[in-house]
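Q: Before anything else, here's the structure in question.
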């Protein structure tokens, strides 16, 4: 296991087996969670130990291959190259309550959603816990901006990489590390029902964001293949179980797609189906993907949709568009870079 993917307890045991005092583990854990790129930066460690660690547990810090900053709102998008040459995206967004980083959990994605650029090349591999942590750490180091919130909504399906994501959450929440509160973390899923139930058992107090994007199975089947495995009623039942177990309100992500899911009757159908489920709808003006024929809804359609939901008792907000001038929607920058490399 990569040293940075270890918990402090595991690291303490490792150093004990190496014949090192227990306090060394905490020193190194703290250094790693500050975003150092090499053991030479760990100035309070003996040189022989630094050399041994460099040989046995090399630090594979990601490299910035693209960095784009929005002139409109200050959003920064990073394309990181990992130690095996694969690339993932991370987005830093500035809000009034603090800085949020949106991280990737996989290289590519196998979910096949019709409106998403992340899935166009399929799944390459799943990220290790330290590779998710590095996106947060090195975004903070490179930007000089403190990170207070995390969303797992970048490339990949977090619950398809369940064990590694759970380990990442434990690490980033660690008091000896970044100590980011679970209540400041949102995890997005397209609807892997068994994994939602497994997540509920952990009662982590994070925000579960469910990518719904359709009022019924007829529509959802056409844009989200996962619905054929876990139809929307099964998904909504899992959401109700999640709320019962955690008392955490569900956030539903809903991409507004012109002529597909944005009619007034679609909003009214959602009202009927959500009855009794404490939830919030995040309406997202669709980001155009070059390879997709889908188009964003008009502003008028989005506003009408929002009003119907709110009049029916469901809080609904329209996501502020950030980074539209820098390919900030999920998978676009990686897709563009990959195509350039293939030429």
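Q: So residue 308 passes all but one of these: (1) within 23 Å of the chain's Cα centre (by Cα); (2) not in a loop (DSSP other than H, G, I, E, B). Which condition number does it fail?
A: (1)
Q: Does segment 248-262 contain at least one residue that is out of contact with any strand residue (DSSP E or B) (no Cβ under 9 Å at 6 or more places or on another chain) and at pLDDT 95 or above?
A: Yes, there is a match, as at least one residue in segment 248-262 is out of contact with any strand residue (DSSP E or B) (no Cβ under 9 Å at 6 or more places or on another chain) and at pLDDT 95 or above.
Q: Where in segment 16-111 are the strands (runs of 3 or more DSSP E), entirely inside, with at least 1 residues that are more than 27 Å from residue 189 (Cα to Cα), in contact with a strand residue (DSSP E or B) (Cβ under 8 Å, 6 or more places away or on another chain) and without any contact (Cβ under 8 Å) to a residue 60 or more places away in the chain?
A: Answer list for segment 16-111: 63-69.
Q: Does segment 275-300 hold any residues that are in contact (Cβ under 8 Å) with a residue 40 or more places away in the chain, in contact with a strand residue (DSSP E or B) (Cβ under 8 Å, 6 or more places away or on another chain) and under 18 Å from residue 188 (Cβ atoms), and which are they?
A: Across segment 275-300, the qualifying residues are 277, 279, 282, 286, 287.
Q: Name, by its number, the condition in (1) buried (at least 18 other Cβ atoms within 10 Å of the Cβ); (2) modelled with pLDDT of 95 or more; (3) touching a helix residue (DSSP H, G or I) at 6+ places or on another chain (Cβ under 8 Å) that does not hold for residue 161.
A: Single failed check for residue 161: (3).
The values are calculated or read from the model by the stated rules, or taken from the named source; none is laboratory data. Since the model is a prediction, treat every value here as computed from it, not as a measurement. So basically every Cβ, Gly included, is an ideal-geometry build from the backbone, and we count neighbours across all protein chains shown.
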